[in-house]
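The values are calculated or read from the model by the stated rules, or taken from the named source; none is laboratory data. None of these values were measured; they are calculated from a predicted model. So basically every Cβ, Gly included, is an ideal-geometry build from the backbone, and we count neighbours across all protein chains shown.
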Amino acid sequence: MSRTNRPPEDFLTAPVFHLSSLDAVAWLRSQPSDSVDLLITDPAYESLEKHRAIGTTTRLKHSKASSNDWFAVFPNARFPELFAEAFRVLKRNTHLYLFCDAETMFIAKPEAERAGFRFWKPLVWDKKTIGMGYHYRARYEFILFFEKGKRRLNDLGVADVITVPRVHRGYPAEKPPAVSAILIEQSSTRGELVADPFMGSGSVGVAALDAGRRFIGTDLNPEAVRLTTERLRAISPDSANDGPREPEQLGFIDTRP
């Protein structure tokens, strides 16, 4: 489809999605520059290996307490290339939100700033119940709030603590869509494109489609792509198609290795 023969406006603003099973950085490199309106993501940060090594959680392995195998960790050394590509694909005057723990925050923040992002502050996701750890067990997670250019939040009255119960017995480290829903409502408008290069079971995509946004995402785990496909098709059953299309016509599943 040529640029002079674009789809009608109501098609562009319909809840549609495009999923892949590619490495996060490789997938970002395949996206056009200045094409994404908002990026929300939750890498499997390297410090999680510490919890698995000392046995402070059973959710990081296949066990009776967890029906899902843990996913590959994203090493800290790859943050520079991740943020460089995220900065490139995001349009000017947009936001990026990164879920992480206190240890990863001190690594990710300076790398994002080197890529060109402005750091505003860490938001706190209060999970309401304690989780893994031995010393002062974790009840919260940080969401680092970055900006490319300058974009005003849609509601300046929203607090920096987001209180939403954690997901129990879900996909490993699954985030409730209600958390991403707040970020999406704050940093995008209807019809805009939300991206997640570590989509897991698709909670960001669920929140995006529920809010009338479009969604693109990727995950190396085929089970994650399957789960996300099922969840998003349940919201927008007519938006998915297995055939290849032009970039403007999002709404298909790409599971190439």
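Structure notes:
- For segment 10-21, taking the residues that are out of contact with any helix residue (DSSP H, G or I) (no Cβ under 6 Å at 6 or more places or on another chain) and surrounded by 19 or more Cβ atoms within 10 Å (Cβ to Cβ), the one that is modelled with the highest pLDDT is identified as His18.
- Against the numbered list (1) under 17 Å from Pro197 (Cα atoms); (2) buried (at least 18 other Cβ atoms within 10 Å of the Cβ), Lys127 comes up short only at (1).
- Matching entry among Arg92, Arg52, Arg88, Arg114 (being modelled with pLDDT under 55 and not in a loop (DSSP other than H, G, I, E, B)): Arg52
- Residue match in segment 127-137 (condition: assigned to a strand (DSSP E or B) and either at pLDDT 95 or above or not aromatic (Phe, Trp, Tyr) (or both)): no
- Test: residue in segment 234-245 that is more than 16 Å from the chain's Cα centre (by Cα), surrounded by fewer than 18 Cβ atoms within 10 Å (Cβ to Cβ), closer than 26 Å to Arg92 by Cα and at pLDDT below 95: yes
- Flag if Glu147 is crowded, with 16+ Cβ neighbours inside 10 Å and modelled with pLDDT of 95 or more: yes
- Search result, residues across segment 159-185 that are over 14 Å from the mean Cα position of the chain (by Cα), at pLDDT 95 or above and buried (at least 19 other Cβ atoms within 10 Å of the Cβ): Ile162
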